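Here's the structure we're looking at; comments come further down.
We did not get these values from a lab; they are worked out from the coordinates using the rules stated. These figures come from a predicted structure and were not determined experimentally. Cβ placement follows ideal geometry from the backbone for every residue including glycine, while neighbour counts extend to all protein chains displayed.
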Amino acid sequence: MQAKKYPLTLYNGGRICYNEYMKKCRITVMRAVRHEDLIKQYENPVLHACDMREGQVFTANGWQRPEGLCQSAWDSMSPFVLALACGGENLYDGWMKNKKSAMISCNDGFRPVSFYIEALEEDAD
């Protein structure tokens, strides 16, 4: 099956990409932290907060949010998923050992979750 061609323009590592074939990306929950002192001091009681678990794995089909992935986390990581899905590399100028990856945290200051995002060789549907 041929990869779906997406009509988009992306500034990617110093070059402009047009109509790139998108890849799937694996998103792995690496670390979930709870700042109990900040929660106690500043947060109103929340019945259902974050339910991400370390080791949990999601697969983004191109730039589509995987089912079950927190919307707030997706909002933080989606630009990086888009860049990697479109062939972006070296997003941190050599910081990451895998040049087709990124380490991103969600924007929840009470219970931040770190996600490892890596582009796969598999084409998006």
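Numbers below:
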quantity	calculated
Local net charge near residue 46, Cβ-Cβ under 15 Å (Lys/Arg +1, Asp/Glu -1)	-1
Mean Cβ count within 10 Å, highest first, over the residues of peptides 118-124, 65-71	118-124, 65-71
Environment charge at residue 98 (Cβ cut-off 12 Å; Lys +1, Arg +1, Asp -1, Glu -1)	+2
Local net charge near residue 32, Cβ-Cβ under 11 Å (Lys/Arg +1, Asp/Glu -1)	+1
Convex hull per residue volume in Å³, alpha carbons only, for the range 9-123	113 Å³
Three principal axis lengths of the range 67-125 [C-alpha, angstrom, descending]	32, 30, 14
Counting all C-alpha pairs of the range 30-87, share separated by more than 19 Å (%)	42 percent
Neighbour-count ranking [beta-carbon atoms within 10 angstrom, fewest first] of 115, 58	58, 115
Under-5 Å amide H pairs with residue 23, H placed in peptide plane, nonlocal only	86, 87, 124
Packing rank of 46-52, 83-89, where each peptide gets the mean count of other beta carbons within 10 Å, highest leading	83-89, 46-52
